[in-house]
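To start, the structure itself, in structure tokens.
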Amino acid sequence: MPRVRVALIADIHGNADALRAVLADIDRQGANRIIVNGDVVNRGPDSVEALSLLLEREDVTFTLGNHDDLLHLWHTRSDTLPEGWFTDPFWGATDWSAAQLDRAGLLHVPQDWPLTLTLREAGLPEVLVAHGTPAHYRESLSERTDPERVAELAGSAGVLVGSHIHRPARAERGGVLVLNTGAVGAPANGDPRAQYLLLTATPSGWVPEFRAVPYDRSGVLRRFGTSGLLRTGLSAEIFRDEVETARSLYTPYWMWTEANGHPRDANTWAAFQRDHPLPRTS
């Protein structure tokens, strides 16, 4: 069997330094193909640069992530988004990122990306890839996914690959290998390294390897300020803190404000941090 290695990367979230580190590692590992499993843009300061780096390569294919789609929906003032979001200062980072991509002429690019990709190699199980799941790009896929749901999602595929949750995962569910790529630009598992999944074809099947690539985060953390992103408001501050802590902060903060009926502002963010202290990574 010819040597086939496929790199699956996702959740870059506008972090060009993490992306460069991963692309260099992919080249060293001798991957034949790169599948970018959504969320190239938004959250970080480098959406334009990250997307441009990937579009320059000939070995890259994409699936659509929720943030890739969100920026287009935001720019077009889609009625699928709550009307109040467009005047809420909390969404300043999203507005900024959409404007950056629009000025670069790249905002429309993700609209051509499919929701799923199927990887086929002779004699091996099909690999079905989607940012969340094949049913929806915001549905989570991990070792916690119910076996019956895995069977529904996988269909004839023997390997199901998702991203979106910002941490690597692996499980066997009813003969289906469930994998999650982890995140390149904003990991949420406490490990600040840029993380991705490498699949190698072997006579006995696909062999997964979770890669974690160290890189210097000082540049991207600095660019949150120098780019102007940090001046857009609270969500940008939270996104920066996620890169610094390698933890999920935005989603639990959102859920906490929803559950308690709090506005999303500096005061409630400070209260949330007091109630949910997190160590900083080195």
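The values are calculated or read from the model by the stated rules, or taken from the named source; none is laboratory data. Just so you know, these numbers come straight off a predicted model, no measurement behind them. All Cβ positions, even for glycine, are placed from backbone atoms using ideal geometry, and neighbour counts span all protein chains on display.
Observations, loosely collected:
- Qualifying residue in region 172-185 (condition: part of a strand (DSSP E or B), of a type in the set (D, E, K, R) and surrounded by fewer than 23 Cβ atoms within 10 Å (Cβ to Cβ)): yes
- Filter result (in a loop (DSSP other than H, G, I, E, B) and surrounded by fewer than 19 Cβ atoms within 10 Å (Cβ to Cβ)) within region 60-79: Thr76, Arg77, Ser78, Asp79
- Test result for Trp269, over 24 Å from Ile9 (Cα atoms), buried (at least 17 other Cβ atoms within 10 Å of the Cβ) and outside the structural domain of Asp27 (by TED's automatic domain parsing): yes
- Enumeration of residues in region 216-260 that are of a type in the set (D, E, K, R) and in contact with a Phe, Trp or Tyr (Cβ under 6 Å, 6 or more places away or on another chain): Arg240
- Some residue of region 54-77 being basic (Lys, Arg) and touching a Phe, Trp or Tyr at 6+ places or on another chain (Cβ under 8 Å): yes
- Matching residues in region 248-282 - criterion: being within 27 Å of Ala99 (Cα to Cα) and not in a helix (DSSP H, G or I): Ser248, Leu249, Pro263, Arg264, Asp265
- Cβ pairs under 9 Å, 6+ apart, first in region 175-190 and in the same structural domain as Asp241 (by TED's automatic domain parsing), second in a loop (DSSP other than H, G, I, E, B): none
- Test: Pro89 is crowded, with 20+ Cβ neighbours inside 10 Å and more than 30 Å from Val176 (Cα to Cα): no
- Residue within region 124-140 that is under 30 Å from Ala266 (Cβ atoms) and either in contact (Cβ under 8 Å) with a residue 12 or more places away in the chain or under 15 Å from the mean Cα position of the chain (by Cα) (or both) present: yes
- Count of region 251-264 residues which are surrounded by fewer than 18 Cβ atoms within 10 Å (Cβ to Cβ) and closer than 18 Å to Asp88 by Cβ: 9
- Options Ala18, Ala24, Ala31: the member that is assigned to a loop (DSSP other than H, G, I, E, B) and farther than 20 Å from Tyr137 by Cβ: Ala31
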